[in-house]
Structure formats: structure tokens, C-alpha cells
Amino acid sequence: MKRREFVGGLAAAAGLTACTQESADCDGQPAAGGETFSWSCVTSWPPKFPGLGMAAENLAGRIGTASSGRLTTKVYGGGELVPPLEVFDAVSRGTVEMGHGAAYYHKGKVDAAQFFTAIPFGMTAAEMNGWLYYGGGLELWHELYEPFNLVPFPGGNTSVQMGGWFNKEINSIADLKGLKMRIPGLGGEVLRRAGGTPVMLPGSEIFTALQTGSIDATEWIGPYNDVSFGLHKAAKYYYYPGWQEPGPNLEVIIHRKAWDALPEDLKEIVRLACQAINLDAASDYAHGNAMSLAQLRENPDVEIRPFPDDVLSLLRTTSQEVVTELMASDPAAGKIGKAYFDYLEKAKDNSRISDQAYLARRDG
Ligand code: CA
């Protein structure tokens, strides 16, 4: 151990890059001191996209600054290095060290991951953070990703999304029949059972699909990002609320070997930067959504409408069926789902007498 410290110290004193991540792994334990690490981070988002893409850029920037350049990370937009929906595989294989995306994109590979993004009619952003950081959620998430060599962290939250953009009115349950809509995750399965056809597309392909009529509707995020994509130019009706994604949590995933190679102080810098980005992204969305909604209100070509009550009731009961089946289909989903809903029951009661009660009366 002494010898390693000595060698590390010499290299640092000489201003050398003491060892790469790979060479740090050679003796099973990273040397202390002057080693530097150079990571790549792939994302599911268009490069530098407001909110989502910038969360990854800001994360990389903060880790670099806070570590005085000992850990630098180059961020790639979706498709630049790997396709937007292959972030999980690329980081799991160790092709790159880090990824930024959303856990529900891994439906089919690791179904239980959906609990760590959003459950239809499930937790809000504040409730998710409570569960993940203090309620045992993060430990369950680490356990779930362990076999994939991934270390996950919360990496942003868009808060309650919008129901989406529609080129036909949704006045009743019957209007969902035959509706071809871009909607990922469990929300997509709910739509299918309600008579629609869910389509999965990465963000970058949504505008063209909607404009050319290859889909009738799309959900994406909320006013901030939807205006960035120009979705208001491709559809007239903007429905709320985003029942399908009430508080979607974004994820930072790190390859296990890259994580283990970091000394403790860099690990803590990464953890702290992920927490900072989680708050920063949520703040960016709170601000961006309010400003962009104000713009949309002024636009005579856009109608912002609530979903009818009977449509939301059907979607709620169908969501319960879909989630119950998910939990029965897979032991990990059963265990994580039970933890999620046990937590949600208590969190809901608190939200009911705080946020919900206050917001219902704020305007009189
Ligand atoms: Ca969405």
C-alpha cells in the first residue's frame, strides 16, 4: 500500500497522468492521488436538448469542475455514438462509462425498471425523491441493476407531464379507439387496452411522425420541451394532465467497473453532482414549462384542454390492471412494486393534506 501511494505521489508530483482507469483496475485497487479519469456519457436525448440533454451536459461539467479535472466526461447526444434507446446496453457492456436516459426505455429487458421512471397515476416528483433518497427506493434500484453491471442514480425529473398533442378531439372513451399515439412504457400498454395503438419513437422522430400523419397523437414531455420540438405546429389539441408520467425520474447509469475504479472522493463528487442535477433539471422544468405555457396560451392555433373525466377514469382503472399484471409477471417487479405502492399510500395521504389541498384552494 505504501509503495502504491509513493508511486502515485511521484507521478502526481511529476504532473503525469498516473494511470488510466484500466491500469488502475490492474492491481484491483485504484491508487490514491493524481490519477485522472476520462469518461464518455451517451444519452437518449437530442444533443444539448433543453432540460434533458442539458442535464447530462451540466452533470458532466459539474463533475469536471468539482474534481479539478480529475474526472472529465464527454457527452454524446442520442445517435452520435449509440442509438438513443440503446444507452442501457452500451453502458451495461462497458462500451462507455456513463449514460443519461430513462429507466422505462428498458421495458422488455428489465421490466421492473419502469418503477424508477414513472408509473401511470403513481408518484409525483417530490414523492419519487422521498422514496428514492430516504424511503429505500435507491437501494432497490441498485440491486435491480447489479446483474447488468450498472450503478444508477436519479438524474432529473420533468415533474407532471402533459397528456400530449392530438390531431383529433378526445371527447369520450370512444375517441381512444384506433388512436395511433407515440407513448412509451406502461402508459402505452394502457392506451392499447383502451383501444389505441401505442408507438414507441425516440424524441427526435416525433415531430415528423406527427406532422406527416403517421401518428395521430404524441405525448412527449410538457410545454418547455414540446415547444422546442415545434409540436404545436403539428397538432392542435394539447391535453392535460400527463396521467402516464406524473413525476418521471431520469437516470444516470455508470458502468460498475468505472465506478469501482474511482477513489472515494470522486465517487462522492459524482453522487453530489447527480443530486445537484436532479434539483437543477426539476428547476429548469418548473421555469421552462411556465414560460412556454404562457406562449402557448397566446397561440390561437392551439387549444389546451383537460381530458374528459370518463377518459381519465378508464385510464386509471386500466393502469391499475396493467401494473398489477406487471408485478405478478416478474419477481423483481413484484418486490419493487410492493415497496413503491406501500410508500405511495403514505406519501399520497401527506400530499392530499398539503400540496393537493393547498393547490385546490390557491385561487379561491
Ligand atoms: Ca413523456
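Partners of Lys233 within straight-line reach, counting lysines whose Cα lies under 16 Å from its Cα and excluding those fewer than 8 residues away in the same chain: Lys168. Less than 5 angstrom separates the built amide H of Gly156 from those of Leu250, Asn278, all sequence-distant by 5 or more or on a different chain.
Remark: for residue pairs Lys180/Lys236; Lys107/Lys348; Lys74/Lys257, the C-alpha separation exceeds 20 Å in Lys107/Lys348. The mean of 1/r over all pairs of different alpha-carbon atoms in the chain, once inverted, gives a Kirkwood hydrodynamic radius of 21.6 Å. Inter-part distance, the range 222-300 to the range 78-138, computed on C-alpha centroids, equals 13 Å.
Which percent, to the nearest 5, of DSSP beta bridges fully inside the chain are antiparallel? In the chain, approximately 45 percent of DSSP beta bridges are antiparallel ones. Using θ = phi - 60° in the Karplus curve 6.51 cos²θ - 1.76 cosθ + 1.60, the 3J(HN,Hα) couplings for the range 303-309 round to 10, 9, 9, x, 5, x, 4 Hz; x is entered for Gly and Pro.
Extension gain, Gln275-Asp301: 0.36 nm per intervening residue step, less the Cα-Cα distance, totals 5.5 nm. Between Thr95 and Ala357, residue separation times 0.36 nm minus the direct Cα-Cα distance comes to 89.5 nm.
Average accessible surface for the chain: 44 Å² per residue, computed with a 1.4 Å probe over protein heavy atoms with every protein chain in place. Under a Gaussian network description of the chain, with springs only between Cα atoms under 10 Å, the residue in Ala294, Ala281, Ala125 that fluctuates furthest is Ala294. When a/c reaches 1.5 or more, the comparison of a/b and b/c decides; with that in mind, is the range 79-178 rounded, prolate or oblate per its Cα gyration tensor? Here the range 79-178 falls in the oblate category. In a GNM of the chain with a 10 Å cut-off on Cα contacts, which of Met291, Met327, Met54 has the highest mean-square fluctuation? Its mean-square fluctuation being the largest, the pick is Met291.
Over the chain, what is the relative contact order in whole percent, taking alpha-carbon pairs under 8 Å and six or more residues apart? Before the final figure, lay out the partial values.
Numbers: 646 pairs, mean separation 77.5, N = 364.
Relative CO of the chain lands at 21 percent.
For the range 234-243, putting each phi into the Karplus relation 6.51 cos²θ - 1.76 cosθ + 1.60 with θ = phi - 60° gives couplings of 10, 8, 9, 9, 10, 9, 9, x, x, 4 Hz, in residue order, rounded to whole numbers and with x for Gly and Pro.
Using a probe radius of 1.4 angstrom, the carbon and sulfur fraction of the accessible surface of the chain is 54%. A probe of 1.4 angstrom, applied to the heavy atoms of all protein chains, finds Asp284 with accessible area near 50 square angstrom.
For the range 247-361, the extents of the C-alpha atoms along the principal axes are 54, 40, 31 Å, listed from largest to smallest. Mean-square fluctuations from a GNM of the chain, with a 10 angstrom spring cutoff on Cα atoms, peak among Arg62, Arg352, Arg271 at Arg352.
Count charges around Ala235 for me, please; just the other residues with Cβ under 14 Å from its Cβ, Lys/Arg as +1, Asp/Glu as -1. Neighbourhood net charge equals 0. In order along the range 263-278, the Karplus-derived 3J(HN,Hα) couplings, from 6.51 cos²θ - 1.76 cosθ + 1.60 at θ = phi - 60°, round to x, 4, 5, 5, 4, 5, 4, 5, 4, 5, 5, 5, 5, 4, 6, 4 Hz, and Gly and Pro are given as x.
Backbone amide hydrogens, once placed in the peptide plane, bring Gly164 within less than 5 Å of Tyr239, excluding anything fewer than 5 places away on its chain.
Between the range 140-172 and the range 51-76, the C-alpha centres lie 22 angstrom from each other.
The values are calculated or read from the model by the stated rules, or taken from the named source; none is laboratory data. It should be emphasised that the depicted structure is a prediction, and the values quoted were computed from it without experimental measurement. Positions of Cβ are generated from backbone atoms using ideal geometry, with glycine treated the same way; all protein chains shown enter the neighbour counts. Just the protein is used for accessible areas: all its heavy atoms, side chains included, with ligands, DNA and RNA removed. Shrake-Rupley method; radii C 1.70, N 1.55, O 1.52, S 1.80 Å.
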